[in-house]
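Every number here is computed from the coordinates shown, using simple stated rules; none is lab data. As the structure is a prediction and not an experimental result, all values here were calculated from the model. A quick note on method: Cβ atoms are made from the backbone with ideal geometry, for glycine too, and the neighbour counts reach across all protein chains shown.
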Amino acid sequence: MGKPSVLIPISRKVVAAITIGVLLSALSGTSLAQGRGIDLDRTIPTPRLNNGKVDFSGDGVWSLPYIRNFGDHLVDENASVPFLPWTRAMHEYNQSNNVAYDPEGFCLPPGGPRSMATPYPAEIIQHRDRILIIFEGGGHVWREIHMDGREQPDLRDYVPSYFGHSVGRWEGDTLVVDTIGYNEKTWLDFGGHMHTDELRTIERISRPNKNTLHYEVTIDDPGAYTEPWTIAWDINWTEGQELADYICQENNQYMIDLLDDFGNPFFETTDFAQ
């Protein structure tokens, strides 16, 4: 366990494309894929399943917001991100080069809480013993939340992954999700907050009305931060929209233009060129 050693590139073309997409989203009132639109009426009651549990699904998608900096969404407005020295230095470095080495720019999955903060929609599917969240961004990836009462695995026998191992439970109308087993191939957010494989997240997901998903997550990573910190935001429902066929890896020309810190072509100076 320790500091992540893998840095994956993002091009400024990708940053620009995402920014344009977000602007178009704001102008149209929908997320990146076309749909019937977002209804911001917060008075429509929370949908429920036949067993009385909150229904996170429906004829539509959740239009995930584009949150670049998790430090701007701390639940405690008087707090700040509790960096360790190395994560503070890495965050400053990532900011200084315009997040040139963002793993998601290399079409790797966002993973962790960042998956709920990209400018692409997501769909939630509920089954009796599991909940699936399918993401349009990141190359059609999904995560699985086990709802059958199982325990977390022994990490000595578990292969770390982008989304880790998630177990969920209900606390009233709130879905509480405990996740461990993350790999170190992702950043927490677009702004360059790092994490280690010691990361553990506790998510609290609720649907106070039909058109709102409230998302809150506590980030607990003693390898990267001095104490746990909690962030939160709301996600809008888009009625009638479906996930689009978005393939990040298709026509991925930006890698040719990526330069390293010395102005040299990145893929001619690293093992990625081989």
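Brief remarks on what is shown
- Prolate/oblate/rounded label for region 107-210 (Cα gyration tensor, a/c 1.5): oblate
- Environment charge of D76, counting only residues whose C-beta is closer than 13 Å and scoring Lys/Arg +1, Asp/Glu -1: -4
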